[in-house]
Amino acid sequence: HPPVDDLEYDVEIVSLEEKPESIETCNNDIIALSDDEIFLKDDNYEINIKVLWRSNRIDRLNMHRYDNFEKIFQYYADLEKVSVNEILIMKKEKIINRTDTPASLKLSIIDILDGGIVNPGMNVLSEDKDKNNGDDNICTIKVQTANKKQSLTIPLKRDQQFKTLFANCAEQLGVKENSLKLYFDGEQIGPTDTPELLDLEGEACIDLHIST
């Protein structure tokens, strides 16, 4: 009876192969679902944000990776008793908007953000700039003191006069405007000068001298 044995053997093999395959498929589906749920939960972990506030102190603030910066802006606005439009926070040369999140900015634990107070119009301008992609019209000015111990980063429109920047520096450093002198490549900058007039584009570093 060899043919009959062969037939039984074949049927038995098919039956064994089908069962494990269907079980494996089912298990994979369950694992994939639970992995996604774990990933979403773990990916929104809490992160410690460091902010160098007004070149004076480093604040450590906790937020989740997918939380926007609205609460951070509000925290500093309440602290300084100003409107949120007067708060400027930057990651290196990039202006942070209230809708940004640590995840969208790819923040890590080694990043230190710069924060300070600006004229309301400047921060509204920075948000409009991102919406309209008008990067060409903004010049990011990094102001550093002669001893390089302090630096301020302030955005300025290319046709905006430096008197805005003078006022900002004086306020943040707690000195009088008329005691400030700004230099670019050794040339003194006047309050009525503009980045456009000085051929500044994108980013520029200028030196600040405070006379006593």
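The values are calculated or read from the model by the stated rules, or taken from the named source; none is laboratory data. All values reported here derive from a predicted model rather than from experimental measurement. FYI the Cβ positions are ideal-geometry reconstructions off the backbone, even for glycines, and counts take in every protein chain you see.
Just a few scattered comments:
- Asn119 vs. criteria modelled with pLDDT under 85, more than 14 Å from the chain's Cα centre (by Cα) and either surrounded by fewer than 16 Cβ atoms within 10 Å (Cβ to Cβ) or not aliphatic (A, V, I, L, M) (or both): yes
- Hits in the stretch 153-176 - residues which are under 22 Å from Asp114 (Cα atoms) and without any contact (Cβ under 8 Å) to a residue 12 or more places away in the chain: Ala170, Gly174
- Test: residue in the stretch 176-187 that is of a type in the set (Lys, Arg) and either within 23 Å of Lys92 (Cβ to Cβ) or assigned by the TED database to the domain that holds Val51 (or both): no
- Of the numbered criteria (1) surrounded by 18 or more Cβ atoms within 10 Å (Cβ to Cβ); (2) at pLDDT 90 or above; (3) under 24 Å from Val143 (Cα atoms), the one Asp111 fails is (1).
Here's the yes/no breakdown for (1) closer than 29 Å to Thr153 by Cβ; (2) among the acidic types (Asp, Glu); (3) at pLDDT 90 or above:
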{"position": "Ile23", "(1), (2), (3)": "no, no, no"}
{"position": "Asn27", "(1), (2), (3)": "no, no, no"}
{"position": "Lys41", "(1), (2), (3)": "no, no, no"}
{"position": "Asn48", "(1), (2), (3)": "yes, no, yes"}
{"position": "Met63", "(1), (2), (3)": "yes, no, yes"}
{"position": "Tyr66", "(1), (2), (3)": "yes, no, no"}
